[in-house]
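None of the figures in this text is laboratory data; all of them are computed from the coordinates on show. Just so you know, these numbers come straight off a predicted model, no measurement behind them.
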Amino acid sequence: MELLVALMVGVLVAASVHLMLARNVLRFLFGMILISNAANLTIFVSGRLTAEEPPLIPYGADVTVVGAANALPQALVLTAIVIGFGLFAFALTLVYRAYQNLGTLNSDEMRLAEPEPATKSEPSKTYIAKDTTP
């Protein structure tokens, strides 16, 4: 079972690196989410994958049953999933606003802070954020 999860982590990391090397900001965002999921799977597997014993302490005992999964990595992964979802929602909002203001998702064309120098024949392009409030 651990071998299958290790292969899944490898595939997720490979796909995320492929997506993060693209010039499209939205693909970069999806690659970041995939690599976050790969890290979560790695942490989850470190706590042992057992279907026999849940990570619970029986009534009257002081420790878990021998062979039970470790509950700490499961709690860490649950926290990381919540934080990752919040990061994804925030970053997706930023990408949407950047697309509204700049009209592109290509990172090479997003040159608001460093506009290309104007030649003598054409004026410089200055991007002004649109006010969308009613």
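Here are a few things to note about the model shown:
- Cα gyration tensor category, rounded, prolate or oblate, for the range 2-102 with a/c compared to 1.5: oblate
- The stretch between residue 107 and residue 71 holds 8.9 nm of extra length on full extension. This uses 0.36 nm per residue minus the Cα-Cα distance.
- Between residue 104 and any residue 5 or more places off or on another chain, the built amide H atoms are never under 5 Å apart.
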